[in-house]
């Protein structure tokens, strides 16, 4: 969901050079700079009846991850020549078909970059789970760190074993996708 929506928004923002695209770009940049407000978000989730639900937490994670994903996609799309779009349109392709058949296959390094960075960040998320999905039955891997420390005693051996177990999954993901991750991060930096 993050990848598809970020790719579509970044494609429109990169290919259009009007006032609306710059306004949307400003809001995306503000999404990276301005810290999220927890109390209004909890109030909104309660009004929508999705507080303490997995769906509510997914929507929060998507909203927090989307500006970074759009920034990466937009930078990477800057390196894709516009002549490819024009050639596909001359051949009779619609704008959506141009995106899905011509542009999206070229976005593989950026997609891998977004998937790896977003999944590691969401997997290691600690604070959002405490705020938006509280309760004993909603404990995830990073929240298990709480169970080994208390005011009067700490089980350091179990705590550090839990840290190692939590660290293994992102490390394996990074090892497998290291080459694509680096090319996706560098792809938007070099204009060709």
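The values are calculated or read from the model by the stated rules, or taken from the named source; none is laboratory data. It should be emphasised that the depicted structure is a prediction, and the values quoted were computed from it without experimental measurement. All Cβ positions, even for glycine, are placed from backbone atoms using ideal geometry, and neighbour counts span all protein chains on display.
For region 97-142, the tally of residues that are farther than 24 Å from residue 158 by Cβ and without any contact (Cβ under 8 Å) to a residue 24 or more places away in the chain stands at 6. Where residues in region 7-43 are touching a residue at least 40 places away in the same chain (Cβ under 8 Å) and closer than 20 Å to residue 55 by Cβ, which of them is surrounded by the most Cβ atoms within 10 Å (Cβ to Cβ)? By that ranking, first place goes to 41. Can you confirm whether residue 52 is surrounded by 11 or more Cβ atoms within 10 Å (Cβ to Cβ) and free of Cβ contacts under 8 Å to residues at least 24 places away in the same chain? So residue 52 fails the test. Restricting 148, 132 to those that are crowded, with 17+ Cβ neighbours inside 10 Å, under 22 Å from residue 1 (Cβ atoms) and either at pLDDT below 90 or under 19 Å from the mean Cα position of the chain (by Cα) (or both) reduces the list to 132. Restricting attention to region 60-93 and to residues that are in contact (Cβ under 8 Å) with a residue 60 or more places away in the chain and not in a helix (DSSP H, G or I), the residue that is farthest from residue 116 (Cα to Cα) turns out to be 81.
Please determine whether any residue of region 94-113 is out of contact with any strand residue (DSSP E or B) (no Cβ under 8 Å at 6 or more places or on another chain), outside any helix (DSSP H, G or I) and modelled with pLDDT of 90 or more. Yes, because at least one residue in region 94-113 is out of contact with any strand residue (DSSP E or B) (no Cβ under 8 Å at 6 or more places or on another chain), outside any helix (DSSP H, G or I) and modelled with pLDDT of 90 or more. Within region 114-129, the set of residues being assigned to a loop (DSSP other than H, G, I, E, B) and crowded, with 17+ Cβ neighbours inside 10 Å comprises 125 only. Selection of region 89-99 for residues being within 13 Å of residue 11 (Cβ to Cβ) and surrounded by 13 or more Cβ atoms within 10 Å (Cβ to Cβ) yields 95, 97, 98, 99. If you go through region 18-54 and keep only what is closer than 25 Å to residue 138 by Cα and not in a helix (DSSP H, G or I), you end up with 35, 36, 37, 48, 49, 50, 51, 52, 53.
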